[in-house]
Amino acid sequence: MRAPARAAAALAASALLAGCGLQSAGTFVPDADPAAIEPVVDGAPITVGAKNFTEQLVLGKIAVIALQVAGFDVTDLSGIPGAAPARAAMLSGETDVQWEYTGTGWINYLGMPEGIPDQQAQWAAVRDADEDNGITWLPPAEANNTYAFAVRSEAVDDLGGVATLSDIAELPVEERTFCLESEFATRVDGFEPMLEAYGIPLGDPQGVPRDNVSILDTGAVYTATDEGELCNFGEVFTTDGRIASLDLTVLEDDRGYFPAYNIAPIVLTETLQEYPQIADVFAEITPRLTDEVMIELNGRVDVGGEDPADVALDWMVSEGLVSRG
């Protein structure tokens with residue numbers, strides 16, 4: 001990014017953050033001692049950010065615990081209210097480290113018109129494009145928290161054995177009912193273009209009539225999909241623990257519509273240049289983050305009611321990354 005553009009971005013970020021009132025998270029972060037992650041610095045300051053939904057809160061606590069054990073003096077800014085403020089915090093330098101999603105960086109932050117389904121190609125593209133913004137994308141996890149649609153498992157046979165998004169086009173129009181959250185309803189990589197890609201356009205009496213679509217809060221989408229009264233098909237996130245707990249069946253995106261949303265640590269390049277050991281800390285963590293791991297950890301919070309910090313520490317201890325303090 002050229003200097004005037006960087007200055008403008010920083011100014012816009014500062015204005016946005018001023019309205020957000022970001023402050024250190026008040027939630028508990030348990031003590032931990034070294035194991036696979038060992039001290040690499042002595043009290044260097046660093047700020048970790050995380051958005052305000054379950055997966056991000058768990059990941060944020062993992063980063064906080066890991067960096068504390070590695071010897072950093074960590075400020076915890078978990079709970080940033082949304083993607084735009086989280087991005088603004090990075091651009092303004094208010095946070096040094098966050099976990100981000102490759103598709104979010106590419107489409108939402110960098111304004112690209114469509115995502116890249118190939119996971120490695122999507123990461124490489126966003127990594128290269130974000131270099132000029134002073135942000136380094138470290139290697140991604142296998143975990144890919146992309147969008148999907150799910151159906152209650154007991155209804156699969158009643159709906160003709162539906163298994164793929166293409167199968168929805170074979171159903172009677174009255175069975176093509178959907179529940180989704182408001183953001184997905186308006187995203188450039190969201191609902192309406194998805195229906196176009198699968199040949200069942202929104203608003204078309206022979207596609208998906210608008211009356212067939214219910215807009216709900218995220219949690220209510222899962223409940224409504226499980227109950228099957230408002231909709232047969234609900235928008236879900238593929239690493240959400242409620243998929244398993246509610247016995248929902250995720251439909252295959254057989255035309256490869258949805259972009260890759262692999263989890264990756266992002267670090268201010270300036271911070272990483274000063275403390276290159278940060279990359280080594282995350283290299284211990286990121287390869288262990290699979291879809292199955294995130295489904296389990298998210299489920300412990302959303303279904304089991306556990307605290308994200310406790311879930312983060314339990315997992316890190318079980319993996320031998322840290323030991324209990």
Output for Cβ contacts, cut-off 9 Å, separation at least six or different chains, first residue under 18 Å from Q120 (Cα atoms) in the stretch 242-265, second in a loop (DSSP other than H, G, I, E, B) and of a type in the set (D, E, K, R), reads G256/D118; Y257/D189; F258/D189; P259/E114; P259/D189; A260/D118; N262/E142; I263/E142
Discussion item. Among the residues in the stretch 286-302, are any more than 17 Å from the chain's Cα centre (by Cα) and either on the phi > 0 side of the Ramachandran plot or of a type in the set (S, T, Y) (or both)?
Written reply: no
Of those in the stretch 297-317 that are free of Cβ contacts under 8 Å to residues at least 60 places away in the same chain and buried (at least 17 other Cβ atoms within 10 Å of the Cβ), the residue nearest to P30 (Cα to Cα) is R300
Flagged in the stretch 53-85 as of a type in the set (V, I, T), crowded, with 20+ Cβ neighbours inside 10 Å and out of contact with any Asp or Glu (no Cβ under 8 Å at 6 or more places or on another chain), in numbering order, are V58, I62, I65, V74, I80
Q: Say whether the condition of being over 26 Å from M294 (Cβ atoms) and of a type in the set (S, T, Y) is met by at least one residue in the stretch 144-161.
A: no
Filtering helices (runs of 4 or more DSSP H) wholly in the stretch 86-203 for at least 3 residues that are surrounded by fewer than 23 Cβ atoms within 10 Å (Cβ to Cβ) and modelled with pLDDT of 95 or more gives 119-130, 165-168, 191-197
### Task
Restrict the check to the stretch 50-62 and report whether at least one residue is modelled with pLDDT under 95, assigned to a helix (DSSP H, G or I) and either under 20 Å from M316 (Cβ atoms) or acidic (D, E) (or both).
yes
Scanning the stretch 204-218 for residues that are part of a helix (DSSP H, G or I) and touching a residue at least 24 places away in the same chain (Cβ under 8 Å), the one farthest from E174 (Cα to Cα) turns out to be T218
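The values are calculated or read from the model by the stated rules, or taken from the named source; none is laboratory data. From a predicted model like this one, the values you see are computed outputs, not experimental measurements. Note that we place each Cβ from the backbone using ideal geometry, even for glycine, and neighbour counts take in every protein chain shown.
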